[in-house]
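Below: one structure, written as structure tokens.
The values are calculated or read from the model by the stated rules, or taken from the named source; none is laboratory data. Just so we're clear, the structure is a prediction, and the values are computed from it rather than from any experiment. Note that each Cβ is placed from the backbone with ideal geometry, even for glycine, and that neighbours are counted across all protein chains shown.
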Amino acid sequence: MNAPLYNMDILRLAANIPHHKRLADPQASVEKRSPVCGSRVTADVRMEGGKVAEMGLDVKACALGQASAALMAAQAIGMSADELADARDRLTAWLAGESETLDFWPGLAVLAPARDYPARHPSIRLGFEAIAEAARMADA
């Protein structure tokens, strides 16, 4: 491993999570929790025309989980439940070493040092898992 696990880019992302406020009247809310470290992400969504129109997050996670949630939140508005589920699945595959590409979501390369730390993977996946499930529920 050539890069430190926590770097300035990750810390900046962790400190600046977009949509970091719960929605007052969401169509769906999902909380995901990592049993490994206790990190937790709650995602609220409102959908319009099959796309995320509004979202709100409550993120209680390590810096890696916060950074991942920030990256997710910066792009999720305007995406469909299927697109978010695909991103969740591709992130999971990349973390597991089953894929080498990160071209499906801008900025994820900043998390590359964490790939060598499987205990951190559940926290990194939380935001993507929560928004994908919330979007699916709201779209149903």
Next on the checklist: Given the criterion among the acidic types (Asp, Glu), more than 19 Å from TYR117 (Cα to Cα), surrounded by 15 or more Cβ atoms within 10 Å (Cβ to Cβ) and at pLDDT 95 or above, identify the matching residue among ASP82, ASP25, ASP44.
Outcome noted: ASP44
Checklist entry - Just a yes or no: is a residue in segment 50-68 of a type in the set (D, E, K, R), part of a helix (DSSP H, G or I) and at pLDDT 95 or above? => result no
Next on the checklist: Would you confirm, using the coordinates I've provided, whether ALA76 is at pLDDT 95 or above and under 12 Å from the mean Cα position of the chain (by Cα)?
Outcome noted: yes
Checklist entry - Tally time: how many residues in segment 86-117 are surrounded by fewer than 18 Cβ atoms within 10 Å (Cβ to Cβ), under 13 Å from the mean Cα position of the chain (by Cα) and part of a helix (DSSP H, G or I)? => result 3
Checklist entry - If you go through segment 69-89 one residue at a time, do you hit one that is among the polar types (S, T, N, Q) and over 20 Å from VAL45 (Cβ atoms)? => result no
Next on the checklist: Restricting to segment 113-140, and then to whatever is among the acidic types (Asp, Glu) and touching a helix residue (DSSP H, G or I) at 6+ places or on another chain (Cβ under 8 Å), can you tell me which residue is nearest to LEU71 (Cα to Cα)?
Outcome noted: GLU129
Checklist entry - Considering only segment 126-140, how many residues are surrounded by 20 or more Cβ atoms within 10 Å (Cβ to Cβ) and charged (D, E, K, R)? => result 2
Item to check | Pairs with Cβ under 8 Å, 6+ apart, first in segment 80-92 and of a type in the set (D, E, K, R), second outside any helix (DSSP H, G or I) | outcome: ASP86/PHE104; ARG90/SER99; ARG90/THR101; ARG90/PHE104; ARG90/TRP105
Checklist entry - Condition test on GLY56, is it touching a residue at least 60 places away in the same chain (Cβ under 8 Å) and in contact with a Ser or Thr (Cβ under 9 Å, 6 or more places away or on another chain)? => result no
Item to check | The listed residue being farther than 11 Å from HIS20 by Cβ and of a type in the set (Asp, Glu), out of ASP44, ASP58 | outcome: ASP44
